[in-house]
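Since the structure comes first, as structure tokens, the remarks are kept for the end.
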Amino acid sequence: MVRIDTSASLESFRRFLINSTCYTFIPDSYLDDDEVFPEKEGETGSIYVEAADLVTLKKIRDISFVNARDVLGIIYTSRSGNTKLKWRQVRGRMGKVTGEASANSLVNLITAGVISEEYAQKLAASAASETAETAEKAPEVAEADDSDAEQEEMAQKEPDF
């Protein structure tokens with residue numbers, strides 16, 4: 001899991017949503033229309049589109065396709081719950097993407113053009129260094145736990161008189 005904080009176009013984030021949820025069954029006419037977005041409700045992932053004008057076009061499987069004009073924001077949670085991203089309008093069709101993304105979502109973010117490969121590599125390096133720091137601290141904690149356990153064990157023993 002890596003933290004995402006970048007600017008992106010509405011179209012690139014729309015492509016990310018499609019790649020992540022419905023690429024295999026979205027009608028071609030919807031795929032090519034930059035005003036059509038997937039929406040999804042439920043316990044296993046969700047997509048909410050906040051727009052000035054929103055009309056539901058068609059529901060296929062668990063995805064509702066909506067025509068959205070003047071999109072203000074989009075909230076996406078993956079099926080696994082490992083990715084939680086928000087796109088918020090900053091100006092026109094440009095916005096800011098923030099949240100947490102899994103490795104699989106990073107691939108989809110790169111493919112859609114939301115982030116560059118260089119940005120993803122920086123994120124991965126940052127996550128790897130955080131993991132290494134946590135691993136370095138872990139043995140110290142384990143050693144402290146061992147000495148605490150030894151002291152507790154000695155305290156519980158009855159004296160030999």
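What to note about this one:
- As a summary of the residue check, Ser29 satisfies the conditions (1) surrounded by fewer than 13 Cβ atoms within 10 Å (Cβ to Cβ); (2) assigned to a loop (DSSP other than H, G, I, E, B) except for the one numbered (2).
- The residue that is surrounded by the most Cβ atoms within 10 Å (Cβ to Cβ), counting only those in region 64-79 that are part of a strand (DSSP E or B) and within 12 Å of the chain's Cα centre (by Cα), is Tyr76.
- Long-range neighbours under 8 Å by Cβ, at least six apart or interchain, first residue farther than 26 Å from Thr44 by Cα and in the same structural domain as Glu35 (by TED's automatic domain parsing) within region 83-99, second outside any strand (DSSP E or B) and acidic (Asp, Glu): Arg93/Glu11
- Candidate set: region 32-63, residues that are part of a loop (DSSP other than H, G, I, E, B) and among the small types (Gly, Ala, Ser); chosen: the one farthest from the chain's Cα centre (by Cα): Gly42
- Leading residue by the ranking (farthest from the chain's Cα centre (by Cα)) among those in region 1-31 that are within 20 Å of Leu72 (Cα to Cα) and small (Gly, Ala, Ser): Ser9
- Among the candidates Ala124, Ala120, residue that is at pLDDT below 95 and either touching a helix residue (DSSP H, G or I) at 6+ places or on another chain (Cβ under 7 Å) or under 18 Å from Asp34 (Cα atoms) (or both): Ala120
The values are calculated or read from the model by the stated rules, or taken from the named source; none is laboratory data. All values reported here derive from a predicted model rather than from experimental measurement. Here the Cβ is made from the backbone with ideal geometry for all residues, glycine too, and neighbour counts use every protein chain on show.
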